[in-house]
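Structure first, commentary second.
The values are calculated or read from the model by the stated rules, or taken from the named source; none is laboratory data. The shown structure was predicted, so the numbers you read here are calculated from the model rather than taken from an experiment. Neighbour counts run over all protein chains shown; Cβ positions are idealised from the backbone, glycine included. For accessibility, only protein heavy atoms count, side chains too; no ligands or nucleic acids. Shrake-Rupley method; radii C 1.70, N 1.55, O 1.52, S 1.80 Å.
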Amino acid sequence: MSEPEPAVLVFDVNETLIDIESLQPHFERIFGDARVLREWFGQLVMYSMALTLSGRYTDFATLGRAVLQMTAEVHRVDVGDDDLRDFAAGMQTMPAHPDVADGLTALRDHGYRLVTLTNSPAPPDGRTPLHTAGLGDFFEHQFSVDPQRMYKPSPQLYTAVAEDVGVPASACMMVAAHPWDLIGAQAAGMSAALLTRPGNAALPLPGVPAPTVVADDVADLARRLSGAGA
């Protein structure tokens, strides 16, 4: 890598570490088409950004249910209270991708500090989806955008994480499956690792920095970073 070795790896959560495809049965049941999951997720990200740009905020779980209702209206299907409750439970119990635990173990063994930054709010009981997925103990801190009431990729969110863990932003690498997340991190001074989960790829746009590292998954990222001399 041409950039300095990071000391802290800051992981996105949804799709990067935990598998949102596990929500497909809800979309199959409600819409008769599991592929609507991707439509919903794209709309969810877009409206999170729209709220931030317009100076408004509601938590990601509430927004996710509202976008589900909006998507149902567009498709002219009914979504009931039971559907919403089951969907909310599904969002809290998504499993980890199979590569994640081994990859995080390898990264931790190589001396990297591991934290997360997610759009999702912290649950009242403190048990996050990462804990449910068996990943909670890997991270020294799980940051949510909720206290700052704005969504990624607002650069100040990434800066705040660096300040909280006591290092400059340049000592952090954001790890995400979404280029839009990395654009915000790079604007804040972090390096960036793109995980090319299915359905995700780098954005080849002039004037926008390319990811520092591109990897297939967390295990591949661990191999690439250890090979760089971490």
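Tell me the carbon and sulfur percent of the accessible area for the range 20-92, rounded to whole percent, probe radius 1.4 Å.
Its accessible area is 51 percent carbon and sulfur atoms.
In Å², what does the accessible area per residue of the chain work out to with a 1.4 Å probe?
On a per-residue basis, 46 Å².
Can you check what the net charge comes to around Gly126, using other residues whose Cβ is under 14 Å from the Cβ of Gly126 (Lys, Arg +1; Asp, Glu -1)?
Net local charge, Gly126 excluded: -2.
To the nearest 20 debye, what is the magnitude of the charge dipole of the range 20-92 about its Cα centre, counting +1 on the Cβ of each Lys and Arg and -1 on the Cβ of each Asp and Glu?
With Lys and Arg at +1 and Asp and Glu at -1, about 260 debye.
As a test of reading the structure, rank Val74, Val13 by solvent-accessible area (1.4 Å probe, protein chains only), most first.
Val74, Val13
Students sometimes get this wrong: rank Arg113, Arg108, Arg76 by accessible area, probe 1.4 Å, all chains present, largest first.
The most accessible residue leads, giving Arg76, Arg108, Arg113.
If one takes the longest principal axis of the Cα atoms in the chain, at what angle in degrees, from 0 to 90 and to the nearest 10, does the Cα axis of helix 155-165 lie?
60 degrees
Residue by residue, what Karplus-based ³J(HN,Hα) values in Hz, rounded to whole numbers, does the range 114-120 have, using 6.51, -1.76 and 1.60 with θ = phi - 60° and x for Gly and Pro?
For the range 114-120, the Karplus-derived couplings read 10, 9, 10, 9, 10, 5, 6 Hz, x marking Gly and Pro.
If you line up the long axis of helix 100-109 against the longest principal axis of the chain, both from Cα atoms, how many degrees apart are they, to the nearest 10?
20 degrees
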